[in-house]
Amino acid sequence: MKKIAITMGDAAGIGPEIIAKALYCAEIRDFCAPLVIGSRIVMQEAIDLLKLPLKLRLIKTPDECASVIGTIELIDVETPEGFEKGKATVKNGKACVIYIKKAVELALNKKVDGIVTAPISKEALKMAGMKWHGHTEMLAELTDTKDYAMMLVGEPLKVILVTIHTPLRSVPDMITKERVLKTIRLAKKACDMLGIENPRIAVAGLNPHAGEAGIFGSEESNAIIPAIEDAKKLGIPVTGPYPPDT
């Protein structure tokens, strides 16, 4: 059974409650052995708040994870001192980074097979002096990954983003041929990793009507279409740009 490390997220947020509800479902253990990285005190409060018949079992390493129904196995790492529910604080911001760093360490050392992250507060991260805007950038740096993107995975649609955590007014300047092509290549790589045969990769335009031949913007003609053409030359099955508004 694959071991999955679940980071608790911000102690003041909904992460602990989401985790408790998810791990209360017995069927989750049909496909993985979950273990939580976070605070014993905070997780116990979440269990008590939800009145769930769950017990916490403290473990020191993933090797001790037994995946017992009715039990949340937890590596007790850090409890933010004096945390308040619903309030962003420096201590919460620092603590959630500690959980993520621990999970990445375990994954890189092949002690766990994957990581699931509960929500963090971007505000708390900033208050704590962290340079990252979210999980994506943080995980990329901690794993020394140079080319990366955020992908939203569902059935049947998978959506990969060219820009993330960027103010909307800054997005057009970030739509370059190089960035779009990199994202298309990452989309193909992700399809290969997910075992998707004969994928259909569609690229959305940025502007209304995908620019309408430059009438509503030039990002399509200057960046997106050239990137699609270069991707086709690499043998990637990609089409577009498709109007994002229709």
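General observations
- Residues (outside any helix (DSSP H, G or I), closer than 24 Å to residue 97 by Cβ and among the aliphatic types (A, V, I, L, M)) located in the stretch 1-42: 4, 5, 6, 8, 11, 12, 14, 35, 36, 37
- Matching residues, the stretch 99-115, being over 13 Å from the mean Cα position of the chain (by Cα), surrounded by fewer than 19 Cβ atoms within 10 Å (Cβ to Cβ) and not in a helix (DSSP H, G or I): 109, 110, 111, 113
- Residue satisfying condition, being within 30 Å of residue 115 (Cα to Cα) and of a type in the set (A, V, I, L, M), within set 202, 231: 202
- Residue that is farthest from residue 125 (Cα to Cα), among those in the stretch 42-56 that are surrounded by fewer than 15 Cβ atoms within 10 Å (Cβ to Cβ) and touching a residue at least 12 places away in the same chain (Cβ under 8 Å): 53
- Residue tally, condition farther than 16 Å from residue 9 by Cα, acidic (Asp, Glu) and in contact (Cβ under 8 Å) with a residue 12 or more places away in the chain, over the stretch 127-151: 1
- Residue in the stretch 220-234 that is within 19 Å of residue 191 (Cβ to Cβ) and part of a loop (DSSP other than H, G, I, E, B) present: yes
- Entry remark, the stretch 43-73: residues being charged (D, E, K, R) and either assigned to a helix (DSSP H, G or I) or modelled with pLDDT under 95 (or both) number 4 in total.
- Looking only at residues of the stretch 89-116 that are hydrophobic (A, V, I, L, M, F, W, C) and touching a Lys or Arg at 6+ places or on another chain (Cβ under 9 Å), we find that the one that is farthest from residue 139 (Cα to Cα) is 112.
- Members of the stretch 162-195 that are assigned to a helix (DSSP H, G or I) and in contact with a strand residue (DSSP E or B) (Cβ under 8 Å, 6 or more places away or on another chain): 180, 183, 184, 186, 187, 188, 190, 191
- Qualifying residue in the stretch 116-126 (condition: farther than 22 Å from residue 11 by Cα, assigned to a loop (DSSP other than H, G, I, E, B), more than 13 Å from the chain's Cα centre (by Cα) and assigned by TED's automatic domain parsing to the domain that holds residue 77): no
- Residue in the stretch 137-149 that is nearest to residue 187 (Cα to Cα), counting only those that are out of contact with any Phe, Trp or Tyr (no Cβ under 6 Å at 6 or more places or on another chain) and crowded, with 18+ Cβ neighbours inside 10 Å: 149
- Whichever residue in the stretch 74-98 is part of a loop (DSSP other than H, G, I, E, B) and free of Cβ contacts under 8 Å to residues at least 24 places away in the same chain and, among such residues, is farthest from residue 114 (Cα to Cα): 82
Every residue, every condition in (1) among the charged types (D, E, K, R); (2) free of Cβ contacts under 8 Å to residues at least 40 places away in the same chain; (3) surrounded by 14 or more Cβ atoms within 10 Å (Cβ to Cβ); (4) on the phi > 0 side of the Ramachandran plot, yes or no:
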residue: 181; (1), (2), (3), (4): no, no, yes, no
residue: 204; (1), (2), (3), (4): no, no, yes, no
residue: 210; (1), (2), (3), (4): no, yes, yes, yes
residue: 221; (1), (2), (3), (4): no, yes, yes, no
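- When restricted to residues that are more than 24 Å from residue 105 (Cα to Cα) and among the basic types (Lys, Arg), the stretch 19-76 contains 3.
The values are calculated or read from the model by the stated rules, or taken from the named source; none is laboratory data. If you're wondering where the values come from, they're calculated on a predicted model, not measured in any experiment. Don't worry about glycine lacking a Cβ; one is built from the backbone with ideal geometry, like all the others, and counts go over all protein chains shown.
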